[in-house]
Amino acid sequence: MLAEKITVTIPHELKMRLISVKDELKTSMSNIYKEALESYLEKKELEKWEKGFNLAVQDKEYTKLCSELGSDDGGVYEY
């Protein structure tokens, strides 16, 4: 994996908390930042899917079609 160096500005108090966690976990600040960013991006992706789901549920035609297409006995069919 190709890594890139970035610069981030954070409040001093947050940095002190991060240093405390870094020391406790015996890891690097870089690893903490990487994990935090990955978690943040996963959360935002999930929020987008949830928003799409909520919009779809409000669409009466869409929910009717889903009900029609989804009403089977759960069997496997060969075509």
request  = Enter the angle in degrees (range 0 to 90, nearest 10) between the Cα long axis of helix 60-70 and the first principal axis of the Cα atoms of the chain, meaning the one along which they spread out most.
outcome  = 80 degrees
D (Stokes-Einstein, µm²/s), Kirkwood Cα radius, the chain, 0.890 mPa s at 25 °C = 142 µm²/s
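So, with +1 on the Cβ of K and R and -1 on the Cβ of D and E, and no other charges, what is the size of the charge dipole of the chain about its Cα centre, to the nearest 20 debye?
In debye, rounded to 20, the chain gives about 700.
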note = In degrees, nearest 10, the alpha-carbon axis of helix 29-58 is tilted away from the dominant principal axis of the alpha carbons of the chain by 20 degrees
ask   = Tell me which aspartates and glutamates have Cα within less than 15 Å of K22's Cα, excluding those fewer than 8 residues away on the same chain?
value = E13, E35
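Between K44 and M1, what length in nm is gained on full extension when 0.36 nm per residue of separation is reduced by their alpha carbon distance?
Working it through step by step, the gained length comes to 13.2 nm.
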key: Label-to-label distance, nm, for residues given as L18 and K51 (7 Å Cα→Cβ offset)   = 2.6 nm
note = Ranking L14, S39, Y62 by how far each Cα lies towards the positive end of the charge dipole of segment 12-68 (+1 on Lys and Arg Cβ, -1 on Asp and Glu Cβ), the top one is L14
ask   = How far is helix 12-25 tilted, in degrees, relative to the longest principal axis of the Cα atoms in the chain, given as a value from 0 to 90 rounded to the nearest 10?
value = 80 degrees
query = Do the sum for the chain: with -39,500 (n - 2.57) for every DSSP H run of n ≥ 4, divided by all residues, what is the mean residue ellipticity at 222 nm, to the nearest 500 deg cm²/dmol?
reply = -23500 deg cm²/dmol
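Rank by packing, highest mean first: peptides 46-56, 32-42, with packing defined as the count of other Cβ atoms within 10 Å averaged across residues.
Result, highest mean Cβ count within 10 Å first: 32-42, 46-56.
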inquiry  = List the lysines whose Cα sits under 24 Å from the Cα of K26, skipping any in the same chain fewer than 8 residues away.
reply    = K5, K15, K34
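Just so you know, all these numbers are worked out from the coordinates, no wet-lab data involved. What you see is a predicted model; the values in this text were computed from it and never measured. Note that each Cβ is placed from the backbone with ideal geometry, even for glycine, and that neighbours are counted across all protein chains shown.
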